[in-house]
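Undergrad: Pasting a structure here, questions to come.
Nothing in this text is a laboratory measurement; each read-out follows from the coordinates by a stated rule. Note that the coordinates shown come from a computational prediction; the quantities given were computed from them, not determined experimentally. Glycine gets a Cβ as well: all are built from the backbone with ideal geometry, and neighbour counts include every protein chain shown.
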Amino acid sequence: MPDELFSVTDVKNLTEAPSRDDGVQSPTAEPVKQKQDPEFLAVKSTFTPSRGDMGGGFCIIFEGKTGKTVFQILWLAKPYANGQVPEAGRDWRSFVKSLPSLGPLDKEWSEKLQSDLKGIFTLEEKKKLYGNYTKAKIRQLESIFRRTFETTAQCVFTATTEAEPVGRNELERAKIIKPLPPSPEQLAKMKREQEEKEKAEQEEREREEAKKEGNFEGTVIKCSPVVDPVKGKASSEIVPGDIIGVKIEGEGTSALVNKYLIENNIEPFFPVDEIREMQGKKFIYVKISDEIRGYVNITKDIKMQVKEQAGSEQPKKNVSFLGDLFFFGLLGIALVALLFVIRYFFL
């Protein structure tokens, strides 16, 4: 992270980001426990002169696990503008924005104190602080800041220091850090959502195309063909009147139709009502009811399951004749047996 001082312009741009909304508060006696621990910690401090004409403040934000600094600013003003001391207990964005009110930046002295600050705030010290930023620990750190700055500036300071946990989303919104690349799981989820969105858009386009022509004023729902590669009929040979098997897709009316068919144990076979070709696409319409039609978008020639074909006559067996023949045969055998019994006993 940068060791350079941020300019006033940088500070203004930074603090124009949306206000925090994660409900994180600064710690008092013990670290604040969050449902999801913030990954970063902001340390804010002001140092004002007990005597002398220098005063300032700094804010450092670092990643807790690595100690890597992602943002820092140290502002020391000389001459110091009395009465303009920012409160270290304010949220880090408001605190940073208020630092220029201390007075004109003294770049030379600010760079000297920033060098001291870098020596105090090593990676290891920052990681330790992130794991235990109690009030006692903050006061101890505050004392080190004050004594080190007093030695360099030859000036007696009064210091106030606070720590504030900061979430990753907040720093991303402030454009201090870049968003993490999505995980494989997130990428897979995004891909699924995109595919579902494209599928829904495609179905909507097909639905609109299906409604463009014809005088049907009822509801049109999407269907998919039931493929029968053995006994099926080629989709190119399907004609109005054929009864084909379909699968009804989608929600709303489609779901209600599916529910009705299941509850009444009805197979989804419907007569072909119309076949149309539009913009290089073939639509086969089936009549589900007087008010509902289904459409199948055929993109290639496939064998579709057909229950009955238009104009075909199913051969019927003459079960009545065969039944009569069998009955009279049995009756003849019974009469012969009866005559045999009469002859045996009475003649």
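Undergrad: Determine whether residue 296 is touching a Ser or Thr at 6+ places or on another chain (Cβ under 7 Å), closer than 12 Å to residue 226 by Cβ and part of a strand (DSSP E or B).
TA: So residue 296 fits the description; yes.
Undergrad: Can we say residue 240 is assigned to a strand (DSSP E or B) and either out of contact with any strand residue (DSSP E or B) (no Cβ under 8 Å at 6 or more places or on another chain) or at negative phi (or both)?
TA: no
Undergrad: Output the helices (runs of 4 or more DSSP H) that fall wholly within segment 90-161 and possess 3 or more residues being of a type in the set (D, E, K, R), surrounded by 13 or more Cβ atoms within 10 Å (Cβ to Cβ) and touching a residue at least 24 places away in the same chain (Cβ under 8 Å), or say none.
TA: It comes to 107-120, 123-131, 135-153.
Undergrad: Still on this structure, please answer the following. Please pick out the residue among 233, 303, 282 that is within 25 Å of residue 199 (Cα to Cα), over 36 Å from the mean Cα position of the chain (by Cα) and surrounded by 14 or more Cβ atoms within 10 Å (Cβ to Cβ).
TA: 303
Undergrad: Of the conditions (1) within 17 Å of residue 155 (Cβ to Cβ); (2) acidic (Asp, Glu); (3) in contact with a strand residue (DSSP E or B) (Cβ under 7 Å, 6 or more places away or on another chain), residue 111 satisfies every one except a single condition; which number is it?
TA: (3)
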